[in-house]
Amino acid sequence: MVTNPGLLARNRDFRRFWAGHTVSVVGTQVTAVALPLVASLTLGAGAAGVAAVATAGFLPNLLLPLLVGHWLEHRRRRRILVVADLVRAVALAAVPVALVVGALSMPLLVAVALTVGAASVVFEIGSFAYVPSLVAEADLPAANQATQGSTTAAQVGGPGLAGGLAQLLGPAPALALDAVSYLASAAGVAGARRPEPVPTRQDEKTGILSGLRAIAVNPWLRALTAHAAIYNGAAQILVVNLVVYAVTDRRLGPGLFGLALSAAGAGAFLGTLASLRLATRFGYGRTFAGALTLSTGTPLLIAVLPGTGSALAATLALVQLVSGFGLGTANVLSVTLRQVVMPRGSLARSNGGYRLLTFGVLPLGSALGGVLGQTLGSRVGVAVGAAGLALSAVPMCTRRIRSLRRPDEAKPPVTDPTAASADRDAARLNPAARR
């Protein structure tokens, strides 16, 4: 079996954490839309101002992962997750308060975006490292299915919710409700009472680059990181050019284009729900390979889709639906595999290195996509981006990965005394953690 059923029903601590996580990721999606709307609609900022706010929110993903992962490694994570939520709540609440007192400005919005982005990096790296101490190892796939499912649902519904709140209340008051959502998230995470393992202490000092070294020496992590980095960079090339190719060159209406893209989110949600059943039936590695075939291979059809208007929208939506299904399935399996193969004593550091490498390519992909579209045309840009997505599956198509029946088969033998100590602590608190 890949997982045990009914995790949310029988594990109260994880259920509380999951509820807080769900509210948090919804808040993140609302913030990503509402903050630029405040800049544009409330302050009348142009494209440069909106870009400044968006860039400030993204910048911590480039600057902080290694530092945060190194800092989190030997600290209890639940308390830090709660603080990260409280920081986000206070930062966002400053926007409507500043509006009321007449102090709202672009520098304040940039500072808020930077603060929220930094706290989000802490929360996401910390939660990745916290979950394996909250549930048994056999329950990790189910835990990741639950968290990835709520994340996908937030990505699908969050932008629409943000737009609706901004339309109903105005973008600044919408952020006030967003701040309340982070308070609710903090309460949910704090409600998980299961004791965390005692943070380990290393006899030898570990440098800030140790998270990158952990990836370099592990063949599973090397393959996962190479795939995700290539995929994310290629996806940016595709996204940058797709809107021009579909809306401008192929004259697809913005409404139909938006509906076609939303099919990807629906597919991802379905893939998340189906991931563990598929892995149980076909094996972990085969399911992973099949999911990657759908998520990285199907977009190759976009540049040659026929038709116009609703016919083009329908075929594009079908491609997005199938690709999204593969992506949702692969995300659940990827997170679980990384949590299993990373030594318990370096979960935060390793994930910090992974996040740096896989998120750091995003601005490079966007820039390259712009150059390709400007010089060779948007259709070529779409084709190159889609080809890059297909190329990203290559590191994951090895026989080693395809033959994997369960994620715990990839778990390396414990050779690091620090990791062994962390596993013993986890086993004392959770006897089912070692299989």
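The values are calculated or read from the model by the stated rules, or taken from the named source; none is laboratory data. These numbers were taken from a predicted model, which means no experiment stands behind them. Here the Cβ is made from the backbone with ideal geometry for all residues, glycine too, and neighbour counts use every protein chain on show.
Which pairs have Cβ atoms under 6 Å, sit 6 or more apart or on different chains, and link a residue in the range 310-323 that is more than 13 Å from Leu300 (Cα to Cα) to one that is buried (at least 24 other Cβ atoms within 10 Å of the Cβ)? Listed pairs, sorted by first residue: Leu321/Gly267. Considering every residue within the range 162-181, establish whether at least one is among the polar types (S, T, N, Q), touching a helix residue (DSSP H, G or I) at 6+ places or on another chain (Cβ under 6 Å) and in the same structural domain as Leu41 (by TED's automatic domain parsing). Yes, the conditions are met somewhere in the range 162-181.
Select from the range 221-251 the residues that are buried (at least 18 other Cβ atoms within 10 Å of the Cβ) and polar (S, T, N, Q) and write down the one among them that is nearest to Gly309 (Cα to Cα). Out of the qualifying residues, it is Asn241. When Phe128, Phe58, Phe123 are checked against the criterion of being buried (at least 20 other Cβ atoms within 10 Å of the Cβ), of a type in the set (Phe, Trp, Tyr) and closer than 26 Å to Leu37 by Cα, a single residue qualifies: Phe123.
Checked against the criteria, Ala390 does not count as out of contact with any Gly (no Cβ under 8 Å at 6 or more places or on another chain) and either assigned by TED's automatic domain parsing to the domain that holds Ala223 or at pLDDT 85 or above (or both). Among the residues of the range 359-402, those that are of a type in the set (S, T, N, Q) and either closer than 20 Å to Arg250 by Cα or under 20 Å from the mean Cα position of the chain (by Cα) (or both) comprise Ser366, Gln374, Thr375, Ser378, Ser392. Those residues that are of a type in the set (A, V, I, L, M, F, W, C) and buried (at least 20 other Cβ atoms within 10 Å of the Cβ), I need them from the range 83-98; list them, please. Those that are of a type in the set (A, V, I, L, M, F, W, C) and buried (at least 20 other Cβ atoms within 10 Å of the Cβ): Ala84, Ala89, Ala91, Leu92, Val95. Taken over the range 20-69, the criterion of being of a type in the set (S, T, N, Q) and more than 22 Å from the chain's Cα centre (by Cα) is satisfied by Ser40, Thr42.
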